[in-house]
Ligand code: SF4
C-alpha cells in the first residue's frame, strides 16, 4: 500500500543572537512561543483525516534539526511526503524537499507561505497546494498513485471548507494542549495579518463537527487543555451560546483569540469562565498606528481597555498583544509603550515586531516603497527579527529599542505583577464555576441537556 508521511516544521526560530540570548533569560517571554511550537499541527492532522485508502499515513512534528527530520522521514519509507511550513521555517522546508528529491522521494508543499509564494515553492517541491489542502487531498493522492501527480492544486479561498476529523490518534504522545478549530479565517482584514485571509475566507464550522472533535480529543484526555486554532472566535454572526454550551458540557479548559469587542458582550462574558475559557489573546496591536482593514476593531484605547477589564472581571485572563515598529514608531513611543505596559491591566502580554508576511497588504506596501531588507531571508520572519526599514528609526535603533522594551516589560518584577493579576482572575473564575455548579444542581436535568 502506498504511504504518505506528513511533516509539520514547527520549531521556534530567532535570527538575531542578542535577541535569542535575551529571550532565554526573561521570565515569561519564551513561554508562549514554546507553548505554540509544542501544539499539535492541526493542518497535517486534518490532512491525515482526509487520507483515503489504499494510502496509509503518518504524521511527524519536526523541530529545527533538519538531518534528524530527514532521517525520521526516510525511516518511514514513504511514497510521498507532504510538508507544511510557516514563513520562518519555509527555507528548512525547501532544503528538506531538495534532499528528498535527491533520494527520489516525491514531495508536496502547502500552507500559508506556499499559498502566498507558489512559484518560489514550486522550484523545490514536485507539487504544491494553494489554499486549504484537505479539499483536494483525496484527488491529489489518487493522482499520485496513478503516477499523474499535477504540479499545483488550487483551492479557491471562497470554497466551502470540508471538515475531516483530524487524526489526533496519530500523535506520538498525548500533548499538553490540543488544538481545535471552530472557524476558518476572520471577518476583519488587518493589513499585517496573513492567517486570516490567505488560505480561506471566513467560514464557521458546524457545531456538530466541533462536538465530534471534542469527543475524539477526550478519548485521549478526558479533561483536555485546548487551544482553539481560530483567528477570531465569536466574531461571526452565529449564536455564540451554542459553541459555549458544547465547550461547557465537555469540561475542557481552553484558550482562544478574539478581538476586544467580546468585552462589550455581557451575555458572552457571563458564560466564558464557566464554559472553561482560561485566557483570550486580544490584539491591541500598536499605540502609534492603526492598520488598514481593522474595521470595527479600530477603537480608542480607553474603550479597548474597558473591554479588557470587563473580560478579566468575568474570570478570564487577557493576553494583550502588541506589535512594535509600525510607521510612526520612535524611541519615545517605545518608552511610552513600556510605561503603559508596566501599569496595564493585562494578565499576560505578547510583544512582537511588525513582520510583513508575504501576501499581506503590509508586505505589498513595504515592497512598493523599497523598505524590505534584502539581506533578511524568510527565516528572519520570526516576529522577533527586524525585516524592514522603519520610517522614523534606523534598523539598529528598532532592534535595540525592541530588546529594551522586552527586557523591561518581561522583567522579574513585571512578571510578578502579572502573576498577581492572574491569581485574582483565577479566584473570580472559581467563583463563576462554583455559582454555576450550584445553579446546575438546582436545575432539572432536562433543562441542562444540550439538544443534539
Ligand atoms: S482581527 Fe485578528 S485575525 Fe482578524 S484580521 Fe485582524 S489580526 Fe487577523
Of (1) crowded, with 18+ Cβ neighbours inside 10 Å; (2) within 16 Å of the ligand (Cβ to nearest atom); (3) closer than 30 Å to residue 328 by Cβ, residue 228 satisfies all except one. Which? (3)
Complete set of residues in region 259-273 that are more than 11 Å from the ligand (Cβ to nearest atom) and either at pLDDT below 95 or outside any loop (DSSP other than H, G, I, E, B) (or both): 262, 263, 264, 266, 267, 268, 269, 270, 271, 272
From the residues in region 246-257 that are within 25 Å of residue 188 (Cα to Cα) and more than 16 Å from the ligand (Cβ to nearest atom), which one is farthest from the chain's Cα centre (by Cα)? 247
Being at pLDDT 90 or above and part of a helix (DSSP H, G or I): is that true of residue 71 here? yes
In region 143-172, the residues that are in contact (Cβ under 8 Å) with a residue 24 or more places away in the chain and part of a helix (DSSP H, G or I): 144, 145, 168, 169, 170
Given (1) within 25 Å of residue 363 (Cα to Cα); (2) buried (at least 21 other Cβ atoms within 10 Å of the Cβ), index of the condition residue 195 fails: (2)
Inside region 231-241, can you point out the residues that are crowded, with 16+ Cβ neighbours inside 10 Å and either not in a loop (DSSP other than H, G, I, E, B) or not assigned by TED's automatic domain parsing to the domain that holds residue 257 (or both)? 240
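Are any residues in region 350-382 within 19 Å of residue 321 (Cβ to Cβ) and in contact (Cβ under 8 Å) with a residue 40 or more places away in the chain, and if so, which ones?
350, 351, 353, 354, 355, 356, 357, 360, 361, 362, 381, 382
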Please verify whether region 132-141 includes one or more residues that are assigned by TED's automatic domain parsing to the domain that holds residue 98, surrounded by 16 or more Cβ atoms within 10 Å (Cβ to Cβ) and part of a loop (DSSP other than H, G, I, E, B). yes
When you look at residue 373, is it under 26 Å from the mean Cα position of the chain (by Cα) and crowded, with 16+ Cβ neighbours inside 10 Å, yes or no? no
Set 305, 334, 243: member being under 22 Å from residue 386 (Cβ atoms) and either at pLDDT 95 or above or more than 23 Å from the chain's Cα centre (by Cα) (or both): 334
Counting just the residues of region 315-336 that are part of a helix (DSSP H, G or I) and in contact (Cβ under 8 Å) with a residue 24 or more places away in the chain, which one comes out surrounded by the most Cβ atoms within 10 Å (Cβ to Cβ)? 334
Take the residues of region 283-309 that are in contact with a strand residue (DSSP E or B) (Cβ under 7 Å, 6 or more places away or on another chain) and farther than 19 Å from residue 360 by Cα: which is farthest from the ligand (Cβ to nearest atom)? 308
Residue 180 being touching a strand residue (DSSP E or B) at 6+ places or on another chain (Cβ under 9 Å) and within 27 Å of residue 121 (Cβ to Cβ): no
Name the residue, out of 312, 278, that is assigned to a strand (DSSP E or B), more than 16 Å from the ligand (Cβ to nearest atom) and under 23 Å from the mean Cα position of the chain (by Cα). 278
Can you tell me which of (1) at pLDDT 95 or above; (2) under 15 Å from the mean Cα position of the chain (by Cα); (3) more than 8 Å from the ligand (Cβ to nearest atom) is the one residue 210 doesn't meet? (2)
Can you name every residue in region 173-201 that is closer than 22 Å to residue 130 by Cβ, near the ligand (Cβ under 9 Å from one of its atoms) and either without any contact (Cβ under 8 Å) to a residue 60 or more places away in the chain or touching a helix residue (DSSP H, G or I) at 6+ places or on another chain (Cβ under 6 Å) (or both)? 185, 186, 191, 192, 194, 196
When region 35-56 is checked residue by residue, the ones that are farther than 15 Å from residue 89 by Cβ and buried (at least 18 other Cβ atoms within 10 Å of the Cβ) are 40, 42, 45, 46, 47, 48, 49, 50, 51, 55
The correct count of residues that are modelled with pLDDT of 95 or more and either assigned to a helix (DSSP H, G or I) or over 18 Å from residue 151 (Cα atoms) (or both) in region 90-123 is 23
Of the numbered conditions (1) part of a helix (DSSP H, G or I); (2) over 28 Å from residue 248 (Cβ atoms); (3) in contact with a helix residue (DSSP H, G or I) (Cβ under 8 Å, 6 or more places away or on another chain), residue 382 satisfies every one except a single condition; which is it? (1)
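Over 30 Å from residue 192 (Cα atoms) and touching a helix residue (DSSP H, G or I) at 6+ places or on another chain (Cβ under 6 Å), is that true of residue 59?
Criteria met by residue 59.
The values are calculated or read from the model by the stated rules, or taken from the named source; none is laboratory data. Bear in mind that the values here come from a model prediction, so they are computed numbers and not experimental data. Because the Cβ atoms are built from the backbone with ideal geometry, glycine has one as well, and the counts that use them run over all protein chains shown.
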